[in-house]
Amino acid sequence: MSETVTLTVDGRPVTVPAGSTLREAAQAAGVHVPVLCWHPQVRTGSNCRVCVVEVAGNRTLVPSCSRQAEPGMEVRTDSERVRRARRVVLELLLSEADASQAPELLAYAAHYGADPGRFGEITARKRREPIRDNPFFVRDYARCILCRRCTEVCGVGVQHTFAIEIAGRGNRAAIATGGTGLLPDSPCVFCGNCVGACPTGALVPVAEFEARRDGIWPREPALRWSPATGFVAEEV
Ligand code: SF4
Ligand code: SF4
Ligand code: FES
């Protein structure tokens, strides 16, 4: 079996190690693909679908974070169909969660022209109150996009503690701890790995949560994103 795979990404030939994903092939071709549930320390669950790309001959768009590159594939990362699909994914996420502390999500949304109000306000999740049951971090699930990065790093990705999980389905799906629902009653060892992996501020250190609440958290630069540049910080 060949140790490399050659394919084209947006018309550019690229050769990558066998087993590479389409996201990695795009990266090798100098193309940034947006990702939300993908994280270097977790198995991808292909949960968010913001990374979808078009593969010639495939009827459906495929998640580039998990689909493996194959010889001769013709991949398009920025076609109108891809851009429309990403826009809808982002609009759904913005309708379900408070993204005000999710700079990467906001930068993707701006690039793809996502209308945060297109699906109306799905307020049940946005109305959730922050959970403060331990001295280390706050769980502010009104901001949660159910990307599962936290459950993955708590489980097989890094920590192997399995203190948190996704419970429920569809609109009722939520991060849960089992048992009493309180982290101190769970196997959690407060390692903080989930906090570091969360892309939206749904898991946040207590000090940061309180500083933001009190309006004394330092102003952070907004991000701009494009497939050509990746993330670029705006001037503050
Ligand atoms: S802080 Fe607790 S819930 Fe988070 S990764 Fe560590 S053990 Fe898991
Ligand atoms: S709490 Fe954060 S990391 Fe966990 S699923 Fe929600 S957004 Fe993703
Ligand atoms: S980043 Fe690929 S499905 Fe989420």
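The values are calculated or read from the model by the stated rules, or taken from the named source; none is laboratory data. Because the structure is a prediction, the values reported are computed rather than measured. Positions of Cβ are generated from backbone atoms using ideal geometry, with glycine treated the same way; all protein chains shown enter the neighbour counts. With ligands, DNA and RNA removed, areas are computed over all heavy atoms of the protein, side chains included. Shrake-Rupley method; radii C 1.70, N 1.55, O 1.52, S 1.80 Å.
Some points to look at:
- Taken over the Cα atoms of the chain, the convex hull encloses 142 Å³ per residue.
- Accessible surface, the chain, averaged per residue in Å² (probe 1.4 Å): 51 Å²
- Axis angle, to the nearest 10 degrees, between helix 103-112 and the longest C-alpha principal axis of the chain: 40 degrees.
- For the stretch 121-159, chymotrypsin sites (Phe, Trp or Tyr not before Pro) are listed when DSSP marks them as loop and at most 15 other Cβ atoms sit within 10 Å of their Cβ; the list is 136.
- Working ranking of peptides 143-155, 117-129 by packing, defined as the average number of other Cβ atoms within 10 Å per residue, highest first, is 143-155, 117-129.
- Surface share of carbon and sulfur [accessible, 1.4 angstrom probe, percent] for the stretch 57-110: 47 percent
- Segment residue 228..residue 83, full-extension length gain: 50.8 nm, with 0.36 nm per residue of separation and the alpha-carbon distance subtracted.
- Fraction of accessible area attributable to carbon and sulfur, the stretch 122-236 (%, probe 1.4 Å): 53 percent
- Gyration tensor (alpha-carbon) shape descriptor, the stretch 14-130, a/c threshold 1.5: prolate
- If the chain linking residue 124 and residue 70 were pulled fully straight, counting 0.36 nm for each residue of separation and taking away their Cα-Cα distance, it would gain 15.2 nm.
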